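Where a number appears in this text, it was derived from the coordinates with a stated rule and is not lab data. Just so we're clear, the structure is a prediction, and the values are computed from it rather than from any experiment. Cβ: placed from backbone, ideal geometry, glycine included. Neighbour counts: every protein chain shown.
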Amino acid sequence: MKNIVILISGGGSNMAAIVKTAQREAWADKLGARVAAVISNKANAAGLVFAREQGIATEVLDHKAFASREAFDAALALLVDRFDAPEQPALVVLAGFMRILTPGFVARYAGRLLNIHPSLLPAFPGLHTQQQAIDAGCKVAGATVHQVTAELDHGPILAQAVVPVLPGDTVEMLAARVLTQEHIIYPRAIAELLQKK
């Protein structure tokens, strides 16, 4: 069984969408995969409650308890590796994990570390993507699922979804439409990647 380890920092709506899709589409039977663990860098992350209710193992690793980013990432890798196996390498899925990962961590999980970003990459990497799209006068915005590389919000694109930027849109209105699409494309991109492996 191929394990999926999901990293979150907050509500975990993308994580929940992945878990629900995996259950509904019987990934365990059809793809030989399951969401094995949800790890958060914040003990009060609401997504942990949902994961526990689904019987998924949860772990908390507070980044503030570490003197450096490298020390935190080393400890995080040890946690992830508890759900890893050489013959069935786990997918590591970032779902609202609000930490920039070190090049060493990224290299360790190269080719199996995924992220979703709320813009149509390569446009608007980083934060405040909807505000950037509105400020730039974009007619469309969206979301991108990509493999993670050492360069922030870059890496091979696996899936994208486009939503219109409507007249009078606020950041919140646009973000809500983008998030709806994220919940569709992220599980689909993961399933497609699992099928290829």
Report for the chain the percent antiparallel among DSSP-assigned beta bridges with both residues inside it, nearest 5.
40
Testing the spin-label approximation: label points 7 Å from Cα along Cα→Cβ at residue 88 and residue 100. State their distance in nm.
3.6
Using Cα pairs under 8 angstrom and six or more residues apart, how large is the relative contact order of region 39-146, in percent?
19
Comparing 15, 98, 173, which has the greatest mean-square fluctuation in the GNM of the chain with Cα pairs linked when under 10 Å apart?
173
Pair residue 71, residue 197: separation of 7 Å Cα→Cβ label points (nm):
3.1
Charges on Cβ only, +1 for Lys and Arg, -1 for Asp and Glu, centred on the Cα centroid of the chain; of 127, 18, 98, which one is farthest towards the dipole's positive end?
18
Simple Cβ-charge dipole of the chain, Lys/Arg +1 and Asp/Glu -1, about Cα centre, in debye nearest 20:
340
Taking Cα atoms only, helix 171-196 is inclined relative to the longest principal axis of the chain by an angle, in degrees rounded to 10, of 40
Between the Cα axis of helix 69-81 and the main Cα principal axis of the chain, the angle (0 to 90°, nearest 10) is 60
Tell me, what is the FRET efficiency for residue 57 and residue 151 to the nearest 0.05, using R0 = 35 angstrom and their Cβ-Cβ distance as r?
0.65
Give me the dipole magnitude in Debye, nearest 20, for region 138-194 about the Cα centre, with unit charges on the beta carbon: positive for Lys and Arg, negative for Asp and Glu.
180
Lys/Arg +1, Asp/Glu -1 at C-beta; the chain dipole; positive extreme among 171, 45, 58:
58
Give the calculated FRET efficiency between residue 79 and residue 139 to the nearest 0.05, with a Förster radius of 41 Å applied to their Cβ-Cβ distance.
0.45
In straight Cα distance, which lysines are under 23 Å from residue 2, not counting same-chain residues fewer than 8 positions off?
20, 30, 196, 197
Which residues among region 1-36 fall inside the zone where the amide N is under 18 Å from a point 7 Å beyond the Cα of residue 64, along Cα→Cβ?
8-11
Residue separation times 0.36 nm, minus the C-alpha to C-alpha distance between residue 110 and residue 176: what's the value?
20.7 nm
Kirkwood Rh over Cα pairs of the chain into Stokes-Einstein at 10 °C, 1.306 mPa s: D in µm²/s?
93
